[in-house]
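Quick one: the structure is below, questions incoming.
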Amino acid sequence: MAVAAGESWLFLSGIIRAAAPFFVTAMALILLMEQVSYRRKKGPLPGPLLVVPFFGSIAQLIRDPTAYWDKLAARAKSSPLGLSADYFLGQFVVFIRDTELTHRVLANVRPDAFYFIGHPFGKKLFGEHNLIYMSGDPHRELRRRIAPNFTPLALSTYAAVQQRVVLAHLRRWLDAAGDGRKPFTLRFPCRDMNLETSQTVFVGPYLDAAAREAFARDYNDFNVGLMAMPVDLPGLAFRRAKRAVARLVRTLAGCAAASKARMRAGGEPECLVDYWMQDTVRELDGAAGPGAPPPPHTSDEEIGGHVFDFLFAAQDASTSSLCWAVSALAAHPDVLARVRAEVGALWSPSSGEPITTAQMAEMRYTQAVAREVVRYRPPATMVPHIAREAFPLAEGCYTVPKGATVFPSLYEASFQGFRDPAAFDPDRFFSEERREDLAFRRNFLPFGAGAHQCVGQRYALNHLVLFIALFVSLVDFRRHATEGCDDLVYIPTIAPKDDCAVYLEQRCAELPSF
């Protein structure tokens with residue numbers, strides 16, 4: 001037996017020794033083909049000459065996202081095409097700095113050109129059946145159904161809710177800040193405030209306290225997973241994020257079902273899903289009949305998934321904008337003084353009433369500040385797409401290969417065209433003489449463009465305007481200035497490096513109550 005086993009091992013080891021050169025040769029050939037494929041796809045674009053097999057630059061991206069994207073932007077700036085190339089996790093990558101080429105991608109989301117993915121590994125997290133990945137007629141039909149969520153009437157309903165949540169959190173911040181004696185970092189408190197705002201505005205009446213706590217835990221797991229390696233194994237952040245998304249969508253589907261029942265009973269809309277379900281239940285009831293299929297995009301599960309898309313779009317992007325607004329106002333006391341004067345002429349904390357939509361409409365300079373915040377620091381810096389087919393991006397100069405991941409940079413577009421674009425200057429959107437919002441509107445891309453332009457951009461800007469108006473009226477603040485505190489970091493949207501540390505004190509005699 002021992003002799004037979006020994007002979008078997010000798011035979012097997014002989015095979016291994018004989019096969020080893022072929023295996024090594026095959027691996028070398030595969031690695032060579034990978035490098036050749038990358039170089040062929042790269043063409044004239046600046047980028048690394050050789051790439052790490054399969055992994056490419058993913059370690060750099062995860063270790064220091066800011067330095068990584070700055071490097072790609074610098075390469076693109078050095079190119080006459082405004083493009084650069086890279087490679088990670090088996091994906092060839094094209095970074096787009098040029099504004100017109102960015103528009104070209106955003107305008108060509110269709111089956112024979114590009115599809116929008118929202119996040120490099122988004123499909124693994126969100127699944128394929130959601131607003132982010134839709135295109136063509138189904139996408140247009142869904143956006144038509146979403147339109148009632150953002151009418152002036154709906155936005156006015158949300159404005160009162162938004163202010164109540166903001167005011168409640170400002171009270172907590174002032175208590176925690178200790179009358180300006182210690183620095184208070186705003187990013188995580190802003191994030192908590194925005195999560196409560198989104199929950200309340202989107203599905204407010206349908207989440208009890210326990211559901212809100214579970215919701216917050218799941219959303220935190222999701223957010224961590226966005227920045228993790230996309231390794232779908234038990235115990236890892238990416239797997240936890242996927243499971244959290246599934247739970248969040250189920251919760252939101254339950255809210256949609258409850259809203260349908262309430263709207264059928266004649267209830268008045270109190271939140272976004274109510275405005276949506278008001279028309280939906282009419283259509284469902286009108287289409288009811290033996291064997292009749294329900295209208296598209298009306299199931300509880302679909303609606304829950306789409307509401308989650310709204311949450312994803314609103315949550316961290318809004319947190320980013322609020323932090324940059326505070327940072328910019330602290331750094332520009334002249335702008336802060338003008339905002340306080342404008343808001344003070346229209347609304348007073350002593351009124352005991354929230355800011356009305358009519359008053360907000362008159363806050364033209366404050367609205368210009370909000371627009372400049374999202375131009376100066378667009379929270380969604382890039383909008384990744386996949387090339388479904390080879391696409392001639394720069395006519396006669398470069399064709400994006402099929403399957404490439406393309407990163408049009410909304411951030412880089414914001415620093416092109418505008419006069420002195422590196423300066424924070426709200427007058428570019430306020431001055432009747434300058435009107436840079438019209439002159440350079442193609443460079444104003446914080447909400448994207450084309451078929452996937454943000455459907456909730458008016459809501460997002462209203463939230464920023466209301467926060468600025470309440471914050472500057474109720475709070476005295478100054479920045480806890482440290483070296484590099486306003487350098488941007490990716491989390492995955494952008495935020496000040498120090499998480500926006502400030503000293504806070506109550507400014508008015510008594511905070512309003514409404």
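Calculate one ³J(HN,Hα) per residue across the range 433-440 by plugging θ = phi - 60° into the Karplus curve 6.51 cos²θ - 1.76 cosθ + 1.60, and present them in order as whole Hz with x for glycine and proline.
6, 7, 6, 5, 5, 8, 4, 10
Also, quick follow-up: To the nearest 20 Debye, how big is the dipole of the range 44-168 about its Cα centre, given +1 on the beta carbon of each Lys and Arg and -1 on that of each Asp and Glu? Provide the component values of the computation, followed by the final result.
Values: 14 positive and 9 negative charges, 52 e Å.
For the range 44-168, the charge dipole is close to 260 debye.
For K77 paired with A147, estimate the spin-label separation in nm (one decimal), with each label point 7 Å from Cα along the Cα-to-Cβ line.
4.2
Just to confirm my numbers, what's the Cα centroid distance between the range 392-418 and the range 367-385 in Å?
One Cα centre to the other: 18 Å.
Rounded to the nearest 0.05, what FRET efficiency is calculated for A345 and A176 with R0 set to 30 Å and r the Cβ-Cβ distance?
Efficiency at R0 = 30 Å is approximately 0.45.
Also, I was wondering about something else. What spacing in nm lies between the two simple spin-label points modelled at S13 and Q91, each 7 Å away from Cα in the Cβ direction?
Going by the 7 Å Cα→Cβ label model, 4.6 nm.
Also, quick follow-up: Order M382, M277, most accessible first, counting only protein heavy atoms with a 1.4 angstrom probe.
Values: M382 30, M277 0 Å².
The ordering from most to least exposed comes out as M382, M277.
Another one. Are there DSSP H segments in the chain that both extend 27 Å or more along their axis (alpha-carbon positions) and score a mean Kyte-Doolittle hydropathy of at least -1.0? List them, or say none. Numbers along the way, then the final one.
Details: long enough: 2-42 (58 Å, 0.79); 152-177 (36 Å, 0.38); 237-264 (40 Å, -0.06); 300-331 (46 Å, 0.56).
Correct list, ordered by number: 2-42, 152-177, 237-264, 300-331.
Please compute the length gained on full extension between A292 and E389, using 0.36 nm multiplied by the number of residues separating them and subtracting their Cα-Cα distance.
Fully extending the segment from A292 to E389 adds 31.2 nm.
Let me ask another. Rounded to the nearest 10 Å², what accessible area does F415 have for a 1.4 Å probe in the complete protein model?
Answer for F415: close to 50 Å² accessible.
Residues in the range 444-488, backbone N under 18 Å from the label point at E510 (7 Å along the Cα-to-beta-carbon vector): list them, ranges by number please.
In the range 444-488, the label zone of E510 (backbone N under 18 Å from the point 7 Å along Cα→Cβ) covers 474-475.
Given the whole protein assembly as supplied and a 1.4 Å probe, what does the accessible area of M33 come to in Å², nearest 10?
120
Which are the unpartnered cysteines of the chain, meaning those with no other cysteine Cβ under 4.7 Å from their Cβ?
C190, C255, C271, C397, C454, C485, C508
Heavy-atom accessible area per residue, the chain, 1.4 Å probe: how many Å²?
Counting only protein heavy atoms, the per-residue value for the chain is 44 Å².
Taking 23 Å as the cut-off for C-alpha to C-alpha distance, list the pairs among K77/K124; K42/K77; K41/K71; K71/K497; K42/K402; K124/K402 that go past it.
K77/K124
For n ≥ 4 DSSP H runs only, could you compute -39500 (n - 2.57) per run for the chain, divide by its residues and tell me the 222 nm figure to the nearest 500?
Details: 18 runs with 282 residues, N = 514.
One gets -18000 deg cm²/dmol as the mean residue ellipticity at 222 nm.
How large is the charge dipole for the chain, taken about the Cα centre, if only the Cβ atoms of Lys, Arg (+1) and Asp, Glu (-1) carry charge, to the nearest 20 debye? Numbers along the way, then the final one.
Values: 56 positive and 54 negative charges, 200 e Å.
I would put it at about 960 debye.
Which GluC sites (Glu not before Pro) does the range 377-483 hold that lie in a coil by DSSP with at most 11 other beta carbons within 10 Å?
Of the GluC sites (Glu not before Pro), the ones in loops of the range 377-483 whose Cβ has at most 11 other Cβ atoms within 10 Å are E395, E432, E433, E483.
Scan (i) 1.23; (ii) 1.18; (iii) 1.10 for the value of Cα Rg over 2.2 N^0.38 Å calculated from this model and give just the label.
The calculated read-out lines up with (iii).
Of Q162, F188, L81, which is farthest towards the positive pole of the range 64-193's charge dipole, taken about the Cα centre with +1 and -1 on the beta-carbons of Lys, Arg and Asp, Glu respectively?
Positive-end residue among those listed: Q162.
On a C-alpha basis, how far is the centre of the range 219-253 from the centre of the range 114-147 in Å? Whole number, if you could?
The range 219-253 and the range 114-147 have Cα centres separated by 19 Å.
Follow-up. Which loop-located GluC sites (Glu not before Pro) does the range 79-147 contain, where loop means any DSSP state but H, G, I, E or B and the Cβ has at most 15 other Cβ atoms within 10 Å?
E128
A further question on this structure: Once you have the Kirkwood Rh of the range 165-214 from its Cα pairs, apply Stokes-Einstein at 10 °C and 1.306 mPa s and quote D in µm²/s. Let's see the in-between values first.
Details: Rh = 12.0 Å.
After rounding, the answer is 132 µm²/s.
Which percent of the accessible area of the chain is formed by carbon and sulfur heavy atoms (probe 1.4 angstrom)?
The value for the chain is 59 percent carbon and sulfur by accessible area.
Then there is this: Between V203, V307, A390, whose Cα lies farthest towards the positive end of the dipole of the chain when Lys and Arg beta carbons carry +1 and Asp and Glu beta carbons carry -1, centred on the Cα centre?
Value: A390.
As I understand it, the dipole of the range 358-514 uses +1 on the Cβ of Lys and Arg and -1 on the Cβ of Asp and Glu, about the Cα centre. Which of V475, Y490, Q416 lies farthest toward its positive end?
After comparing all options, I get Q416.
Just how large is the dipole of the range 182-247 about the Cα centre, in debye to the nearest 20, putting +1 at every Lys and Arg Cβ and -1 at every Asp and Glu Cβ? Spell out each step's value before the answer.
Details: 10 positive and 7 negative charges, 43 e Å.
Result for the range 182-247 is approximately 200 debye, rounded to the nearest 20.
The values are calculated or read from the model by the stated rules, or taken from the named source; none is laboratory data. Since the model is a prediction, treat every value here as computed from it, not as a measurement. Neighbour counts run over all protein chains shown; Cβ positions are idealised from the backbone, glycine included. Only protein heavy atoms, including side chains, enter the accessible area calculation; ligands, DNA and RNA are left aside. Shrake-Rupley method; radii C 1.70, N 1.55, O 1.52, S 1.80 Å.
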